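The values are calculated or read from the model by the stated rules, or taken from the named source; none is laboratory data. If you're wondering where the values come from, they're calculated on a predicted model, not measured in any experiment. So basically every Cβ, Gly included, is an ideal-geometry build from the backbone, and we count neighbours across all protein chains shown.
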Amino acid sequence: MKPFTKHTGLVAPMDRVNVDTDQMVPKQFLKFLTREGYGRVLFYDWRYLPGEKPNPDFVLNQPRYKGASVLLARANFGCGSSREHAPWGIGDYGFRAIIAPSYADIFYNNCFKNGILPLTLPDKDIDELFARTEKSEGYTLTVDLETQTVADGKGFERSFEIDPFRKRCLLKGLDDIGLTLEHQPDISAYEKKGLPIPEMVDAVDIKFYSPQN
Amino acid sequence: MPALTLYEKIWNAHVVREVPGQPSLIYIDRHLIHEGTSPQAFAGLKAAGRKVRRPELTFAVMDHSVSTKNRELPVLDADAAGQFEALAKNCRESGVRLFDMHSRNQGIVHIIGPELGITQPGFTIVCGDSHTSTHGAMGALAFGIGTSEIEHVLATQCLSQFKSKTTRIEVKGKLGAGLASKDIILAIIGKLGIAGGNGHVFEYTGDAIRALSMEARMTICNMSIEAGARAGMVAPDEVTFAYLEGKPFVPRGKDFQRLVEHWKTLPSDPGAKFDETVELDAAKLAPQVTWGTNPGMVTDVTARVPDPGSFANDVDRQAAERALVYMDLKAGTPITDIYLDRVFIGSCTNSRLEDLRTAAKAVAGKHVAKSLKQALVVPGSRRVKTQAEAEGLDKIFRDAGFEWRDAGCSMCIGMNDDVLQPHERCASTSNRNFEGRQGKDGRTHLVSPLMAAAAAIEGHFVDVRHWRNGTGN
């Protein structure tokens, strides 16, 4: 996984609450077999008019936000479907960090698996960032995961909270499957000890199952 | 011994490794996969030279992209065909049991888990699908995961998890005639909001929940995620045990009795502490209908489309304004004046036998409104379909002008060709009314199966409590 340490980038504002993952990557793009290539279809229905013509009213299509890599968002960002295609799209589009007051749980988890930092700030700071982004074209923010700060170099500087374990994984770009596999003896011991009732941990009981098609 | 919740008991029984300040390593008893979110996980596994640790604990099914028409015909959608081939190949190579689209056990992953007895009380169950919360109705801890986590479970049979907070949702009273568990959960989501359960696992308790069948409980747990809760649970009881006895993957005889004794230890202890408690009176509920673009935008069938100006804060007001534009609704319109283009009865929320029986009873001897373009019934599984046909429900639906289809996710997500056309309005028994969910620019109203059936006959929403003398006849 790509590590996240410190990132400075152009900020794009997504001024809607409850942006769901269906909007990020709509259903028709869930049929691909890869983790790549979803940047082109990110926010597809909002972003394109028929014939894939860019919708000039959509915020990411505005020239001033071209090349943005920090996404400023509203509450409960990423609600709905568990599809990891959503953070794949966010990352593939070029976003490295998201700043929002809150996230839906599954999306939040999925971001960390993809080297994207979803950081949380209180509503009033988010409001101020929306105002600053709107006011100055080319508005950039520096997100420093090590020091847990986000700053614009023009008077806005805040620290943010993040779980220390998630921070370490993201800083080092750790492969969490690799981490878990280091604990194989624990897993094997658990499997031996089993659950309170042996029937529960045994292979699925197929005595009464007949797979007649 | 401290008093523990159902959630804590299951959690404690599954901790493989616990280190302060880190997520715990939790053992996963059953892993369900489908063609939509698993191919990248298998590809990742292969790229890293890793194997599936416990293929016999993983179950695969084709549901999201399958056609609900004739499955004997070739799959014309090349992308969908690619998904099916990938799933079949991955299962073959790793030894994972697959219910392919031709299996008599095929169906929506959250329908077949319980009906085959793969889902059992006390289990940890995950699936790359947010509606995995459904399985919690059995007293399991079940939640949706992303593809990276699917890969993690395939490789290790474990998941790294932080412990959730818990909310007890007590539903008191007796549900009135014409109402369903769908109305309970829609009312809960309306009350809590769609982020109200973030970071929490719900446990549903109270007389109204105890009085529900297993299938009705599944509808409630299914939509826990629509309030932001990754998991929803109902403590197992006699209803649960009776449901499970004799299911294909459930042990029988003495083994079953031993399991039941264990399952009886699972319910939350008296005095167990929840982080939050919410109460709802089922007796006061009216049938629910969503009017907006998320499941929390919901109201009574007797109400009117709300005025955005009536919302207390700017955020809700703006969201309501945008939703009304998308839904092409005017504030103040009676819900019963909303006319429909299509009706969809199906999805992992409401496509079980009881749902179909209820809907069939309501439409028997009647005909769908002429103004309707389509009324669709999609059974949740082939087992449901077979049983429904044995009971003659398919004939009732067909005679009433409904289309009767094969099992799959269908128009809930529209990954096959069951989709709304732009600007069409649909009464749907599914779980999400997000923009574009059922088709680009499509407009979704979430309702119970009975409400959907009645709306199909009349062409617009009706209060089923007073519809044709409240009996549907």
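Within segment B:151-165, residues that are at the interface with chain A (Cβ under 8 Å from one of its Cβ atoms) reach partners that are among the hydroxyl-bearing types (Ser, Thr, Tyr) with beta carbons closer than 7 Å, at six or more positions or on different chains, in the pairs B:His152/A:Thr180; B:Thr156/A:Thr180; B:Gln157/B:Tyr27; B:Cys158/A:Thr180; B:Cys158/B:Tyr27; B:Ser160/A:Thr180.
Considering only segment B:432-452, I want to know if a residue exists there that is of a type in the set (Phe, Trp, Tyr) and either assigned to a helix (DSSP H, G or I) or within 19 Å of the chain's Cα centre (by Cα) (or both).
Yes, because at least one residue in segment B:432-452 is of a type in the set (Phe, Trp, Tyr) and either assigned to a helix (DSSP H, G or I) or within 19 Å of the chain's Cα centre (by Cα) (or both).
Scanning segment B:378-409 for residues that are under 21 Å from B:Ala454 (Cβ atoms) and in a helix (DSSP H, G or I) returns B:Ala388, B:Leu393, B:Asp394, B:Lys395, B:Ile396, B:Phe397, B:Arg398, B:Asp399. Quick check, is A:Gln23 out of contact with any Lys or Arg (no Cβ under 6 Å at 6 or more places or on another chain), surrounded by 20 or more Cβ atoms within 10 Å (Cβ to Cβ) and either within 11 Å of another protein chain (Cβ to nearest Cβ) or in a loop (DSSP other than H, G, I, E, B) (or both)? Yes: the conditions hold for A:Gln23. Out of all the residues in segment A:56-69, is one or more touching a Ser or Thr at 6+ places or on another chain (Cβ under 9 Å) and among the aliphatic types (A, V, I, L, M)? No. Consider segment B:26-48 and keep the residues that are of a type in the set (Val, Ile, Thr) and under 19 Å from B:Asp100 (Cα atoms). The one that is nearest to the other protein chains (Cβ to nearest Cβ) is B:Thr37. Among residues of segment B:239-288 being of a type in the set (D, E, K, R) and part of a helix (DSSP H, G or I), the one that is nearest to the chain's Cα centre (by Cα) is B:Lys284.
Looking only at residues of segment B:221-238 that are among the aliphatic types (A, V, I, L, M) and assigned to a loop (DSSP other than H, G, I, E, B), we find that the one that is farthest from B:Phe202 (Cα to Cα) is B:Ala235.
Find the strands (runs of 3 or more DSSP E) located wholly in segment B:1-103 whose residues include 1 or more that are over 27 Å from the mean Cα position of the chain (by Cα), and list them.
Details: elements: B:15-17, B:24-27, B:30-34, B:58-61, B:97-99.
Hits in segment B:1-103: B:15-17, B:24-27.
I'd like to verify a number: residues in segment B:349-368 that are in contact with a strand residue (DSSP E or B) (Cβ under 8 Å, 6 or more places away or on another chain) and either part of a helix (DSSP H, G or I) or aliphatic (A, V, I, L, M) (or both), how many?
At the first step, the residues of segment B:349-368 found to be in contact with a strand residue (DSSP E or B) (Cβ under 8 Å, 6 or more places away or on another chain) are B:351, B:355-356, B:359, B:368.
So of that shortlist, the ones also either part of a helix (DSSP H, G or I) or aliphatic (A, V, I, L, M) (or both) come out as B:355-356, B:359, B:368.
Looking only at that region, the number is 4.
Residues that are surrounded by fewer than 21 Cβ atoms within 10 Å (Cβ to Cβ) and touching a strand residue (DSSP E or B) at 6+ places or on another chain (Cβ under 8 Å) within segment B:326-337 comprise B:Tyr326, B:Asp328, B:Ala331, B:Gly332, B:Thr333, B:Pro334, B:Thr336, B:Asp337, listed in sequence order. Within segment B:229-258, the set of residues being farther than 30 Å from A:Ser102 by Cβ and among the basic types (Lys, Arg) comprises B:Lys247, B:Arg252, B:Lys254, B:Arg258. Taking segment A:48-73 as the range and being within 24 Å of the chain's Cα centre (by Cα), closer than 21 Å to A:Asp92 by Cβ and charged (D, E, K, R) as the test, only A:Lys66 passes. The set of residues in segment B:168-197 being crowded, with 24+ Cβ neighbours inside 10 Å, under 17 Å from B:Asp355 (Cβ atoms) and not charged (D, E, K, R) consists of B:Ala180, B:Ser181, B:Ile184, B:Ile185, B:Leu186. For B:Pro270, the requirement of being crowded, with 22+ Cβ neighbours inside 10 Å and at negative phi is not met. From the list B:Val239, B:Val260, B:Val234, the lone residue that is closer than 21 Å to B:Gly113 by Cβ and buried (at least 23 other Cβ atoms within 10 Å of the Cβ) is B:Val234.
Scanning segment B:58-79 for residues that are crowded, with 24+ Cβ neighbours inside 10 Å and under 30 Å from A:Gln184 (Cβ atoms), we see that the one that is nearest to the other protein chains (Cβ to nearest Cβ) is B:Phe59. If the condition is being hydroxyl-bearing (Ser, Thr, Tyr), within 22 Å of B:Ala427 (Cβ to Cβ) and surrounded by fewer than 17 Cβ atoms within 10 Å (Cβ to Cβ), then segment B:289-325 contributes only B:Thr302.
Exactly one residue out of A:Gln23, A:Gln28 is free of Cβ contacts under 8 Å to residues at least 60 places away in the same chain, within 30 Å of B:Asn313 (Cβ to Cβ) and not hydrophobic (A, V, I, L, M, F, W, C): that is A:Gln23.
Listed here are the residues, each with its yes/no results for (1) touching a helix residue (DSSP H, G or I) at 6+ places or on another chain (Cβ under 6 Å); (2) farther than 25 Å from B:Thr147 by Cβ; (3) within 11 Å of another protein chain (Cβ to nearest Cβ); (4) not in a loop (DSSP other than H, G, I, E, B).
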| site | (1), (2), (3), (4) |
| --- | --- |
| A:Lys2 | no, no, no, no |
| A:His7 | no, no, no, yes |
| A:Ala12 | yes, yes, no, yes |
| A:Glu36 | no, no, yes, no |
| A:Leu42 | yes, no, no, no |
| A:Gly51 | no, yes, no, yes |
| A:Arg64 | no, yes, no, yes |
| A:Ala86 | yes, no, yes, yes |
| A:Ile90 | no, no, no, yes |
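Condition check: charged (D, E, K, R) and either at pLDDT 95 or above or within 19 Å of B:Phe143 (Cβ to Cβ) (or both). Does B:Arg71 satisfy that? Spelling it out, it is not the case that B:Arg71 is charged (D, E, K, R) and either at pLDDT 95 or above or within 19 Å of B:Phe143 (Cβ to Cβ) (or both).
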